[in-house]
Each structure stands twice: as C-alpha cells, then as structure tokens.
1. Output the pairs from LYS76/LYS195; LYS742/LYS805; LYS76/LYS218; LYS54/LYS76 with a Cα-Cα distance over 25 Å in this structure; if there are none, say none.
2. Roughly to the nearest percent, how much of the accessible area of the range 284-420 is carbon and sulfur, given a 1.4 Å probe?
3. Long-range amide H contacts for GLY690: which residues qualify at under 5 Å (H placed 1.01 Å from N, peptide plane, sequence gap of 5 or more or a different chain)?
4. May I ask you to evaluate 6.51 cos²θ - 1.76 cosθ + 1.60, the Karplus curve with θ = phi - 60°, for each residue of the range 331-347 and list the ³J(HN,Hα) values in order in whole Hz, giving x for glycine and proline?
5. May I ask you to order 485-495, 215-225 by the average number of other C-beta atoms within 10 Å around their residues, highest value first?
6. For the peptides 274-281, 461-468, 752-759, 318-325, what is the packing order when you average, over each peptide's residues, the other Cβ atoms within 10 Å and list the highest mean first?
7. Mind running the shape call on the range 314-397? Use the C-alpha gyration tensor, a ≥ b ≥ c as the square roots of the eigenvalues: rounded below 1.5 for a/c, prolate if a/b tops b/c, oblate otherwise.
8. Counting only the heavy atoms of the protein chains, how much of PHE624 is accessible to a 1.4 Å probe, in Å² to the nearest 10?
Amino acid sequence: MVFMKRAIFFLFLVLSTLVAVAQQPDTNALFKPDTGALLKKPDTLKSALTRSIKQIATTRSKQSLLRFKEDIIATKQDGLIEDIRRTAQDARNYLKIGIDTARIIAALNEVSNLYVIIGDGIFTNKGTAQTNRNLATSSILFREVLDKTLASKEIVDKYYKNLVNFRNRIDSLGSNSILYQYPSDTVALTQYLQKLEVTSIDINPTIAALKKTLFGIKALQTDMNFTATRLSARIEELDAFQQNLFNKISDREFNNLGDVPSNNRPFKEILKFSAIKLNLLIYFYAHNNMAEIGLLFILFLCSAIFLRALKRRLVAAGLLNDDFAGQLVFRYPALSAILIISTIFQFVFPRPPFIFSAMLWALSSVSLLVVFLNYLTKFWMRTYIGLIVLFLLACGDNLILQASRPERWGMLALASTGAVFGALILIKGKTEELKVNWIIYFVWAFVAIELLSVIENIYGRYNLSKTLLAGGFFNVVIAILFLWAVKLTDQALSWAFNMYKVPDKRSFYINFDRVGKRAPLFFYVLMFAGWAYLFGRNFYVFRSLLIPVRNFLVGERTIGDFTFSIYSILVFFFIIVLASLISKLVSFFASDKYDVPAGSNKTGGGLSSWLLLIRIAIISIGLFLAFAAAGIPTDRITIILSALGVGIGFGLQALINNLVSGLIISFERPVNVGDIIELGDKGGVMKSIGFRSSIVTTWDGADVVIPNGDLLNQHLVNWTLENRTRRVGISFCVAYGTDIVKTKQIIDKLISADERILKTPHSSIILKGLSPGGIDLQIFFWVTNIDEWAVTKSDIISGIDTAFKKNKIVIPFRQEDLGVRSFTENEATTKDANK
C-alpha cells in the first residue's frame, strides 16, 4: 500500500512536469516516457522517474542561466541607449545655446574693415615717409584688433572642441558591441529592435546637425586663423618700421620746407582718417580700462569732499582768507581735487595712448586756470593762458597722424610762436611775481627745444621736429601742473594738520602729526621722476629702454610649484594698500560735525555706527581681489586660514575675542563714535571703533586704547546712546523766613529764559529738607546738549546768585559744608564739568 501510494505520487509529479514543459520544444524532444510500461514495472518506474527529474533540472538550469545572461545584457543595453539619448539631448541643448556665429562673422568682417582703416597711411596712401605718431597709433590699434580676434577665436575653438566631444561620445556609445547582442526570445528581439529604431530616429537629426555645425565652425576657424596671422604680421612690420625710423631719426624724410612736395595728399583727408583712428583708439582704451577710470572718478569725489569739509572748518573757525593767500587749494575744492588726482593718478593707467593723456592734461590745465583767476598777477595770468592755448594747439597737432605740407607750416608757426613767447617771458623777467620759482628753468628749456624744432622742420626732419615741438610744450605745462599739484597738496596737508588735531566723530582718525605739515621730500622726487617719464615718453628711444624693465617686471618666476612675477607681487600689495586706504577714506568722510546744523540734537549713530562692518567688507573684498590679481591659487588661502585656525587654538583667543566683540559692537551698537561714555574710572568721548580695539579721548585730551572685549565685559555708561540731553541738578540752601514761593518764581524765570534748557520735561524745584542752617532746595532741569551742561549749570548758578542778591534772599553759611562733604562734591563737580 505504501509503495503504491509513492508510485502514484511520483506519477502525478511527472505528469505535472510534462504539462508544465509541454510548450518547450526542446524538452519534448528530450523526454517522452512510456507511462504504460512504467506502471507495469515498479523498479523501472522508479529509475525512469529519477532520470527524468535530473534531465528536467539540467534543462531548467541552462534556461535560467541563459535568461540571466540575457537580462544582464538587456540592462546594459538599456543603459547604453539611455546614455546615447542623454548625450544627444545635451548636444541638442548645446547647439541651441551655442554661440552667435552671425555676430562673430560680423565682427570678423568688421576686423577686415578696420584692417584697411588702420593700415591707411602706412600700407596704403603711404606718402613720402612714415610718421612716428601714425606708426604708434596703428600699432596699438592692430594689437587691440588682434586681441579682439583672438578672444573670439578662443570662444569658437572652445565651442568646436565641445561639439567634437559630443560627436565622439555618441560614436563611442553607438559602437559598443553590447548593443549588437540580440536576445534569443522572438518577442524580446522584436521589442529590442523597435527600441533601436526609435533611438536611431531620435538621434539622427542631432548627428546631422552636429556634422553641419562642425563643418561651418571649421570654416570659421580657418578665416579667423588667417585674420589673426595677417594682423600679427602687420604688427611685426610696424615694429620694424618704428625701429627703422628710430635708427634714421637724424635723416631727412622730406624736402626743405620751401621746396615743392613730391607727394601731396589732401589735408582734409589726413584729418579725416586721423579722427577715425583716434576715435577707435580712445574707444578701445576706455573699454579696456573701465575699472581704472571708475576709480579715478571715485578719487576725484573723495578728494573734493575732503577739501570741501576742510574748507567748512576754516570758515567756521574764521581762518579762511578772502584772498586765499596760502589757501588756494580751498578756492575751488572740486577743481583742486581734479588737478591733484589727475596729475598723480595718470601713472596708474597702463600704457595710455597720447590722446588719453592729453585729455587728462587738458582737464588739469583748465582746472588750474580757473583756480588762478584773480590770483596771479596780470602778467603771469596772461602768460599761463598763452601757454595753455599753445599747449592745446600742440596737442592737436600731435594728433595728426600723417605728414603734410600744411601741417609743416603750422608746426613752424607754432614752434616759432612758442619760442618767441618763451623769450618774452624771460626778457620781461618778472620772476619776483612767480608763486613757484622753479618754473623759469622749464621756460628756458622750452625756448631751446622749440628753436631746435623750427630748425629741424625747415630742413625736412619732420618726425624729429614734431617730437621736439610737442615735447617742448609738454615740458613746461606738465612741470607747472606737477609743481602746483605738490603746492596745493602742501596747503591741504598743512591746514589739515592744524584743523584735525581735535578728535572728531569718526570711526577712523587720521594722525596728521605723522603725515606732516608739508608733503614729504620723496613726494617731490616722485613728481620729478613722473615729469621725466612723461616727457621722455614722447621719444621712441625712451620707450625702447623701458622694454627690458617691463620684461623684468612681467617675467614669470617659479618657486616650487608656485609661479609668480614681480608685477603680480606689486599688484598684490598695491590692491591691499588701496583697499586699506579706501576703507579709511570711507570712514573719514562718513561724518563731519560741520555737516550737522548747529544746535542739532543728533547723536553719533547713523552711518558711522556701521563703518566698522563697511571697512571689514572693503578689506575682505580687497584681499580676495589681491589674491585673484596676483594669480595666487585659492588653496593657498585655505592653507593660510588653516594656519590661522591653529594659531587661534594656541594663543590668539584674546585677539579673536576682541575682533568678535568689535563685530558685536557694530551690530548691537551699545556705543557709537562720538558718544560720551564712562568705563570704570575712565571717561571721555568715543573717538574710533576699530577691528580689535577702540579709542576714547579722555577729558584731559589723552587717547586711551581700550580692547573691544572690555567694552562689552565691563559696565559701560553711555550718556548719549539715544540722545544728547542730560538732567542737571543744583542744590542750595536759603535762610529761614525766606519767601519760598518768590524764590521758586525767580528760579523758574531764570530757567525758562535759557534756550539751552528743555521746556519738556519741565524743570522742577523741590524742598529737600530742613537743616540747622536753613531750608534745603534742589533744582532739576534738562539741557538740550550734553556738551553744554556744565556751562549751563554755571550760568544758572551765577544767575541765581545775582537774582538772590537783588531780591535780598540770603544763602546762609553752614559750618557742615566744610570738610569731607565739601571736598567730595567739589571733586564730583569738577569731574562732571569735564564731561
């Protein structure tokens, strides 16, 4: 029975298995048992069943492994197809964003037009000889156009490289052999082929667009490379022309002035192409130096504000002279600022073209002319006006880029006039009327240079004559500008030294004792060196001498893996110093008590309360700009900050505490610059709030440096946190029998008549008590300005004494007022009066 049951169970299992695999053709081929025969022989049935089960298991194992491998391949295929689609989508998006090839082509066409314009007078319409000014101007313009072309070429090259990367990525993914391993199942194979077809339809337009765009960009690259090569060749030719012209500077380029010219280009045409080139030159230079020009205007503004504030101080103190003797800098503060800043700051501009420098010189000279009105004597005023007119004419002549016979006659007339004018100045000899005696030496040099220019022009040495003509006028006018810039700086420093000795409401205090009453000697040396540089810049030999210096400054040097140049190091320190200077100037100009109306109840808050944060922001921005300009990698900054963190952990806790306290003071503002405070046994006016410490000017005039942490950790008394009012109390005694009502009326009348005392809150007069000597009274009132409370109290006491004597009110003498009590009150009164 047991055996029969087992046999039936195995039979059922076999039949179930056969039904399950009936649809598998390979399984049917492998196993077709004779169930009738098996049922007749139990042993045979057992062995047959065992063989059948083993065969089925082996078959299913192979099928499972095959399906597993196909699943892995299908997963990879899906990933590859998705990568292809994603890459194609990225390529489509990049093609949509792309670059404005139309604009680049238009710019390339513009470069071709500029190529013709810039080459005018040199490669076309050459004339008899080349000119220094045209070669220099054209060389600058060709370099600007080349830089513009190379910048566009860099964009195009980067775009082409990215497109090639997209194409290569799609090709690499599409050539993967996994994509071509097909599944064995017919249904799965059909689905996979459909997926490949959809993917192909999806990416084919992108591939075609990539191919077409790459072809167009390649052609554009070819044109740009040709244009860049042609511009570079022209620049090399111009350098060779300039060198050749310098080598032959003493040779004659033209016939004598009286001879018939061999080549005669219309003068109007020369002026026209010169104007076009100069417009291009000033456009390119202004566009490339917008930051420096913006900084120039900021310095103009800051200097004008400072001189204006200083002038108001002089007016308030009654020290400003009507004739501005020794104070010419304050006559027109804005014009004085323009003269000083433009004279000094022009050296910051990198290799400025002549037209840009001429604009600065014209602006400075006209500003000085206005300042001189009704200040110089008539002779020297007319002399200066004549020099300015001739100087501007010389600048105009120097802007003409190609030689012509009309210009040569004009040069002759201008140089002759200059020589005669200078000779008349020397003959008149009114040197005793000169404000700056050094000018006379430059006039002698001016006359000699102009005479030499006349001679060289007559004998056909055009370039040398024009250089001497311009150099002579520049020599004397720039010398005047520099000398008066130094003189006006002297005046500003001298009066600032006198007027800013007293602490003022500023978060930064300039110590003019250290600056000095006059400009230091090295300032004069720098001005002379600057004059020599500007004068020598008119000569090619001087510019050629600067090339080794420039190479030394910009040459790269390597220490380890860090590459730097002397120029980058100088730029780094210059930006740091400039950021520090700007932060100080901002805080210095932020507030001035002469900007506040007299009697104002304004406290020391406002912008000055936030100046510490503003200064920190300026310094931080300056640091990052300095690192960026010097090319110092950001990982170096990280190393510095890490080292600083280690230092903080080992010994800078107190310093960091004071720095953080400074930030807290800036945000919470428990004290502002200009507040009257008491800290422990110290009291005075808050003079400045710095990064680490603050300065308090005591009543004795001493400056006490207090760490910012102490301002927060100690009990700080701020008398002017919200306003500048203060309550004042006066105690006194009257004899018994005095009419108290009348006494109150007298005191109330005195208080009401004083404008320095507030009407609200009302003053109060109270009876303090009865003493053996008389009736004790006490007066309380509020003054509008804490700076005047001691004087107001003194005046009220004086008025009370006078009124009591007039009305025969007796203030009794009390023995107990002597001794310790009297000493303590007097000491307290003295301390309060100092506030």
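The values are calculated or read from the model by the stated rules, or taken from the named source; none is laboratory data. These figures come from a predicted structure and were not determined experimentally. For neighbour counting, all protein chains shown are included, and Cβ atoms are generated from backbone atoms with ideal geometry for every residue, glycine included. We work out accessible area using only protein heavy atoms, side chains counted, and drop any ligands, DNA or RNA first. Shrake-Rupley method; radii C 1.70, N 1.55, O 1.52, S 1.80 Å.
1. Details: LYS76/LYS195 14 Å; LYS742/LYS805 13 Å; LYS76/LYS218 36 Å; LYS54/LYS76 33 Å.
Over 25 Å apart, Cα to Cα: LYS76/LYS218; LYS54/LYS76.
2. Numbers: 3950 of 5530 Å².
Ligands and nucleic acids excluded, carbon and sulfur reach 71 percent.
3. Here the answer is ILE695, since their amide H atoms fall under 5 Å of that of GLY690.
4. Residue by residue, the range 331-347 yields 5, 10, x, 5, 5, 4, 5, 4, 4, 5, 5, 5, 5, 7, 6, 4, 6 Hz.
5. 485-495, 215-225
6. Top of the packing list down: 461-468, 274-281, 752-759, 318-325.
7. It comes out oblate by the Cα gyration axes.
8. Looks like 130 Å² after rounding.
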